[in-house]
1. For the range 9-65, what class follows from the C-alpha gyration tensor (a ≥ b ≥ c being the square roots of its eigenvalues): rounded when a/c is under 1.5, otherwise prolate if a/b is larger than b/c, else oblate?
2. Using only DSSP helix segments of four residues or longer, with each worth -39500 (n - 2.57), what per-residue ellipticity at 222 nm results for the chain after dividing by its residue count and rounding to 500?
3. Would you mind computing Rg(Cα) / (2.2 N^0.38 Å) for the range 75-157, counting N as its residues?
4. Mind putting a number on the dipole of the chain about its Cα centre? Charges go on the C-beta only, +1 for Lys and Arg and -1 for Asp and Glu, and I need it in Debye to the nearest 20.
5. Magnitude of the Cβ-charge dipole of the range 77-156, K/R +1 and D/E -1, about the Cα centre, nearest 20 debye?
6. What does the charge count around K80 come to, taking other residues whose C-beta lies under 13 Å from its C-beta (Lys +1, Arg +1, Asp -1, Glu -1)?
7. With a cut-off of at most 11 other beta carbons within 10 Å, and DSSP calling the residue loop, which GluC sites (Glu not before Pro) in the range 53-145 qualify? Please list them.
8. Sort by residue number and report every cysteine in the chain with no other cysteine beta carbon within a distance under 4.7 Å.
Amino acid sequence: MPRFEPWSAPRAAGIIAEHTHLEGATLPILHALQETFGYVDAGAVPLIADALNVSRAEVHGCITFYHDFRSAPAGRHTVKLCRAEACQAMGSDKLHADILRRLGTEWHGTTADGSCTVEPVYCLGLCANGPAALVDGEPVAHLTADALEATLTEVRQ
Ligand code: FES
């Protein structure tokens, strides 16, 4: 798991300044902020809007349009569950509902103990072995709720 810096407006302003010369700078800036802090803090929105001379709504729209950007820090572990068609055909909708219920969270949410964030992905290239997932970036095929629980117990230790 990468270690992230705590949110800092001056640090964010510096990162934004490094990217303003780029064409279509909003996305590179958002990626750089997320790589640094682990998420895009709401405080970054006015900084980006001012630096690029665009509206706050435009920046906010960009953050919410792309699934990869987080607006809150992630848990210590990340589970990405594939919601695309082939996995759906293998019963992923029901499985995901079971997993979210067991973890007590929602899509893009983090468990109460801060250990695990659950996010959707759309095809991991494991279609023949679905339902598929990534746990901390490691692919998991033929996912079951019990198998995920066992994997999470292992990685939490
Ligand atoms: S549809 Fe889930 S891995 Fe391709």
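Laboratory data are not the source of any read-out in this text; all were calculated from the coordinates shown. Just so you know, these numbers come straight off a predicted model, no measurement behind them. When we count neighbours, we look across all protein chains shown, and the Cβ atoms used for this are built from the backbone with ideal geometry, even at glycine.
1. It comes out rounded by the Cα gyration axes.
2. After summing the helix terms and dividing by the residues of the chain, the value is -13500 deg cm²/dmol.
3. After normalising by residue count via 2.2 N^0.38 Å, the value is 0.97.
4. 200 debye
5. For the range 77-156, the charge dipole is close to 120 debye.
6. Residues close to K80 contribute a combined charge of -2.
7. Answer by residue number: E106.
8. C62, C116, C123, C127
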